[in-house]
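The values are calculated or read from the model by the stated rules, or taken from the named source; none is laboratory data. Keep in mind that this is a model prediction, so the values were computed, not measured. Glycine gets a Cβ as well: all are built from the backbone with ideal geometry, and neighbour counts include every protein chain shown. Surface accessibility is based on the protein's heavy atoms, side chains included, excluding ligands, DNA and RNA. Shrake-Rupley method; radii C 1.70, N 1.55, O 1.52, S 1.80 Å.
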Amino acid sequence: GQAQIGVTGLAVMGRNLARNLARHGHVVAVHNRTAARTRQLVEEFGHEGEFVPAESAADFVASLRRPRRLVIMVKAGAATDAVIEEFAPLLESGDVIVDGGNAHFEDTRRREAALRERGLHFVGCGISGGEEGALNGPSIMPGGSAESYRSLGPLLESIAAQVDGEPCCTHIGPDGAGHFVKMVHNGIEYADMQLIAEAYDLLRRVAGYEPGRIAEVFRTWNRGRLDSYLIEITAEVLGHTDAATGRPFVDVVADAAEQKGTGRWTVQTALDLGVPVSGIAEAVFARSLSGHGALREAAQRLPGPVRPELHPDDAAQFADQVEAALYASKIVAYAQGWHQITAGSAEYGWDIDPGAVAAIWRGGCIIRARFLDEIRAAYADGKPPVTLLTDPTFREALERAQNAWRHVVATAAQLGVPAPGFSAALAYYDALRAERLPAALVQGQRDYFGAHTYRRTDREGAFHTLWGQDRSEVEA
Ligand code: NDP
């Protein structure tokens, strides 16, 4: 065979990825369960590069140069297993199967182990940036063996987004590392979107700004430290007018946010790892709350605060404070996400470079932002910070945000505007700062009702107080 790489599964993602590869001069074998899609791709886009269409699995495999590199872009889940089972018997030792779908990293670990037994490399590969990114340059997060990356890496790097001449693609680590990191990316994306949505809500309901004006505020923010794709598109959405009604678009959209599940996976995994990702969790819960129509309906008439009006003269100052609160809360959300990445890396022995993850998210993906340069820099020198919060650059930003951040959270609470993302970020920050936490009392309660024992601050060992007897202390 002459094709350097093959793509099977030619729906939006696979088709665009194949076109991206062809446009970069690679010979691409293309295949789809329903052959009509394959023919359509070649008819419509055949002029963009060199495609080798195949209608059968055997022809597809035969068209690939060895070691074969085969990218699966089908519906995640059972379909991926079915396609792997279809192709694996046709492949030979040293060939590489890439799953570019949104697989759960545990499935990727399972598939990688099974295929390794059969002498095949399996690369669970996170691909971010949606349809657009797949065509013009996604952020690519390949896992799998280092050996597989030697053969696959240059191809992937050639089609990835580029920032300052660097490709947004790097070998993340063994087996499920790539899909794990992609999952956390999506979790951070949820948190960032929620924070931006809260900022909008505060500007609207507290500062009294109309959507068009808020779009302007976001455009201004986008020229500063908050410069990011998400802020940019937020301004576009807020500035859009509904053609049918002439009203702001945001006012005619039903306020029930949906989700495809990767945010939920991030939180479920964080719970298993014992990592407090409260910003991501609040974002997932906020979406789920918004969809509970009956619950919200029932609560419509519950009492709220008697609203003191914000003086219009104070609105502009409040808007600046919201910007500072948003930036501080964003630092916390990302710090939590990186905590999850480092915890996952330690748990599964992946040896993920946290700075490299920041570097490849600077382009191609939904959370792409100038901000990620700072995170990369925080991990650049030999001694990585325990948490991003203590990195000097972020520490300084948090210091400058103190009054504004607290004022915004307090104002939201006083005026009855929900700000779960801002509040959770601040609570996390203050909890980490606290010299003593009431966790000591929780340990006392646990020992009282369940004899769960506690450790002491002044000596080693586990202790239990005989609460039901003379309250003397025994060593457990
Ligand atoms: P879909 O998830 O809609 O999947 C459709 C493709 O899967 C079609 O090619 C279909 O073939 C194939 N397929 C489904 N079941 C089977 C099966 N049992 N055997 C063989 N082929 C099967 O396509 P997308 O392009 O949207 O996404 C592809 C993958 O990329 C998914 O895992 C998705 O989660 C992931 N992804 C998607 C993003 C997006 O923005 N859409 C972004 C990043 C990742 P047929 O034509 O014959 O029906």
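Sort out which residues of the stretch 133-163 are in contact with a helix residue (DSSP H, G or I) (Cβ under 6 Å, 6 or more places away or on another chain) and closer than 21 Å to S93 by Cβ, and write them in order of number. Across the stretch 133-163, the qualifying residues are P142, G143.
The strands (runs of 3 or more DSSP E) found entirely in the stretch 43-128 that carry 2 or more residues being in contact with a Gly (Cβ under 6 Å, 6 or more places away or on another chain) and open to solvent by less than 30 Å² (accessible area, probe 1.4 Å) are 69-72, 121-128.
May I ask you to verify whether E48 is away from the ligand (no atom under 14 Å from the Cβ) and under 27 Å from E166 (Cβ atoms)?
Yes; evaluated as a whole, the condition is true for this residue.
The set of residues in the stretch 318-351 being among the small types (G, A, S), surrounded by 23 or more Cβ atoms within 10 Å (Cβ to Cβ) and touching a residue at least 60 places away in the same chain (Cβ under 8 Å) consists of A325, A328, S329, A333, G337, G344.
For the stretch 288-307, the criterion of a residue being modelled with pLDDT under 95, open to solvent by 30 Å² or more (accessible area, probe 1.4 Å) and among the β-branched types (V, I, T) is satisfied by at least one position. Here V7 meets each of (1) assigned to a loop (DSSP other than H, G, I, E, B); (2) of a type in the set (A, V, I, L, M); (3) in contact with a strand residue (DSSP E or B) (Cβ under 6 Å, 6 or more places away or on another chain) with one exception, condition (1). In the stretch 194-233, the qualifying residues are those that are touching a strand residue (DSSP E or B) at 6+ places or on another chain (Cβ under 9 Å) and of a type in the set (S, T, Y), and the one that is most open to solvent (accessible area, probe 1.4 Å) is Y229. From the list G153, G137, which residue is more than 16 Å from the ligand (Cβ to nearest atom) and open to solvent by less than 40 Å² (accessible area, probe 1.4 Å)? Exactly one residue qualifies, and that residue is G153. Set side by side, the residues R65, R37 differ, and just one is closer than 20 Å to S158 by Cβ and modelled with pLDDT of 95 or more, which is R65.
Only one entry of G144, G165 meets the criterion of being over 13 Å from C365 (Cβ atoms), touching a Leu at 6+ places or on another chain (Cβ under 9 Å) and either among the small types (G, A, S) or within 16 Å of the ligand (Cβ to nearest atom) (or both), and that entry is G144. Here A315 does not fit the description of being open to solvent by 10 Å² or more (accessible area, probe 1.4 Å), part of a helix (DSSP H, G or I) and more than 18 Å from E232 (Cα to Cα). Of the candidates G279, G261, the single residue that is open to solvent by less than 70 Å² (accessible area, probe 1.4 Å), within 21 Å of the chain's Cα centre (by Cα) and free of Cβ contacts under 8 Å to residues at least 24 places away in the same chain is G261.
Scanning the stretch 446-459 for residues that are more than 15 Å from S472 (Cβ to Cβ) and open to solvent by 90 Å² or more (accessible area, probe 1.4 Å) yields F449, R455, T457, D458, R459. Selection of helices (runs of 4 or more DSSP H) fully inside the stretch 352-434 by the criterion of at least 2 residues being in contact (Cβ under 8 Å) with a residue 40 or more places away in the chain and surrounded by fewer than 17 Cβ atoms within 10 Å (Cβ to Cβ) returns 392-415, 420-433. Just to be sure I understand, how many residues within the stretch 19-42 are open to solvent by 50 Å² or more (accessible area, probe 1.4 Å) and either over 34 Å from the mean Cα position of the chain (by Cα) or aliphatic (A, V, I, L, M) (or both)? The number of residues fulfilling the criteria is 2.
Out of the stretch 161-214, which residues are among the β-branched types (V, I, T) and over 26 Å from D242 (Cβ atoms)? Listed by number, the residues that qualify are V163, T170, I172, V181, V184, I188.
The requirement of being within 23 Å of the chain's Cα centre (by Cα) and at pLDDT 95 or above is not satisfied by G130. With respect to P248, determine if the residue is surrounded by fewer than 14 Cβ atoms within 10 Å (Cβ to Cβ), more than 30 Å from V163 (Cβ to Cβ) and more than 18 Å from the chain's Cα centre (by Cα). The answer is no for P248. Is it the case that A54 is of a type outside the set (S, T, N, Q), over 16 Å from L152 (Cβ atoms) and in contact with an Asp or Glu (Cβ under 9 Å, 6 or more places away or on another chain)? Spelling it out, it is not the case that A54 is of a type outside the set (S, T, N, Q), over 16 Å from L152 (Cβ atoms) and in contact with an Asp or Glu (Cβ under 9 Å, 6 or more places away or on another chain).
What is the residue count in the stretch 1-15 for residues that are more than 8 Å from the ligand (Cβ to nearest atom) and crowded, with 24+ Cβ neighbours inside 10 Å? Residues in the stretch 1-15 being more than 8 Å from the ligand (Cβ to nearest atom) and crowded, with 24+ Cβ neighbours inside 10 Å: 4 in total.
Of all residues in the stretch 156-171, those that are open to solvent by 10 Å² or more (accessible area, probe 1.4 Å) and within 22 Å of W350 (Cα to Cα) total 5. Return the residues of the stretch 26-42 that are part of a loop (DSSP other than H, G, I, E, B) and within 8 Å of the ligand (Cβ to nearest atom); say none if nothing qualifies. Of everything in the stretch 26-42, those that are part of a loop (DSSP other than H, G, I, E, B) and within 8 Å of the ligand (Cβ to nearest atom) turn out to be N32, R33, T34.
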